[in-house]
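To start, the structure under review is shown below, and the notes come after it.
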Amino acid sequence: MNWGILVQIFFINFFYVTLNTLRFMLTLKGYRLAAPLVSMVEITIYIVGLSLVLDHIDSPLNIFVYALGYAIGISVGIRIEDYLALGYIMVTVIIPQDDLQPDLTTIIRDAGYGVTKSYGEGRDGRRVILEILSTRKSERALYRLIKELDERAFIISHEP
């Protein structure tokens, strides 16, 4: 068993798949320059890694290490994308209309978010509907703010 080959196989595939995941996310978010540049590095690493594995395909352990590098590379790529939090989200907040509550729209706008306010009719009466545009980086802070302002808030989010 050649530990040097195993380590090379693992890290080459790890870096390849991490870059593959990031390139996919960049492509989806419309980064037209970054995605092709990342793909050039990605495919170079892929060719080196694949040739290394094919030269040493005689061992099931080599194949296992290749697959392990792949799996961990996906996980790390997703975590990096979560950290970068590229793009925007659209959050819909539905709360019961209550004349005693403070003007949530103003408070949320003052916190730096774009808010569109409308009204709807639910089974149990009128509802306030807030459409809020936010960067993905501030998504969790927005959720905390909404719940601090009204525990009854029903929150739906999606990418625009």
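Helical runs (DSSP H, four residues minimum) scored at -39500 (n - 2.57) apiece and divided by the length of the chain put the mean residue ellipticity at 222 nm at -19500 deg cm²/dmol. Solvent-accessible surface of region 1-146, taken per residue with a 1.4 Å probe and all protein chains present: 61 Å². Surface calculation, 1.4 Å probe, protein heavy atoms: Tyr31 sits at approximately 90 Å² accessible.
Against the chain, whose longest principal axis is taken from its Cα atoms, helix 139-149 shows a tilt of about 30°. Overall, the accessible surface of the chain at a probe of 1.4 angstrom is composed of carbon and sulfur to the extent of 64 percent. Select from Phe24, Phe15, Phe64 the residue whose mean-square fluctuation is largest in a Gaussian network model of the chain (Cα-Cα springs shorter than 10 Å). For the chain, modelled as a Gaussian network with Cα springs under 10 Å, the answer is Phe64. Take every pair of alpha-carbon atoms less than 8 Å apart whose residues are at least six positions apart; their mean separation over the length of region 2-153 yields a relative contact order of 24 percent.
Comparing Cα centroids, region 1-65 and region 92-160 end up 43 angstrom apart. Taking the longest Cα principal axis of the chain as reference, the axis of helix 34-55 is set at about 40 degrees. The calculated FRET efficiency for the pair Glu139 and Asn2, based on their C-beta separation and a Förster distance of 35 Å, comes to about 0.15. Taking all protein chains as shown and a probe of 1.4 angstrom, Glu139 keeps an accessible surface of around 40 Å². Taking the Cα centre of the chain as reference, the dipole from Cβ charges on Lys and Arg (+1) and Asp and Glu (-1) amounts to some 200 debye.
Rounded to the nearest whole angstrom, the semi-axes of the ellipsoid equivalent to the chain, taken from the Cα gyration tensor as √(5λ), stand at 49, 16, 11, largest first. When the Gaussian network model of the chain links Cα atoms closer than 10 Å, the mean-square fluctuations of Ser59, Ser39, Ser134 top out at Ser59. Using heavy atoms of the protein chains and a probe of 1.4 Å, the accessible area assigned to Lys137 is about 140 Å².
A crude spin-label estimate for the pair Glu121 and Lys147, with each label 7 Å from Cα along the Cβ direction, gives 3.3 nm. Shown is the FRET efficiency for Leu33 and Leu84, computed with R0 = 22 Å from the Cβ-Cβ distance and rounded to the nearest 0.05: 0.90. Between Gly112, Gly69, Gly49, the residue with the greatest mean-square fluctuation in the GNM of the chain (Cα pairs under 10 Å linked by springs) is Gly112.
The simple Förster model, with R0 at 45 Å and r as the Cβ-Cβ distance, assigns Asp55 and Glu131 a FRET efficiency of 0.20. Within region 1-91, the proportion of C-alpha pairs whose separation exceeds 23 Å stands at 30%.
Computed from backbone phi, the HN-Hα couplings of region 122-133 come to x, 4, 9, x, 5, 10, 9, 10, 10, 9, 10, 9 Hz, rounded to whole numbers (Karplus: 6.51 cos²θ - 1.76 cosθ + 1.60, θ = phi - 60°; Gly and Pro given as x).
If you fit an axis through the alpha-carbon atoms of helix 3-29 and take the longest principal axis of the Cα set of the chain, what angle between them do you get, 0 to 90°, nearest 10? Helix 3-29 and the main axis of the chain meet at about 30 degrees.
The values are calculated or read from the model by the stated rules, or taken from the named source; none is laboratory data. Because the structure is predicted, anything quoted here is derived from the model rather than measured. Quick reminder, even Gly has a Cβ in these numbers, built from the backbone with ideal geometry, and neighbours come from all protein chains shown. These accessible areas exclude ligands, DNA and RNA; they are computed on the full protein's heavy atoms, side chains included. Shrake-Rupley method; radii C 1.70, N 1.55, O 1.52, S 1.80 Å.
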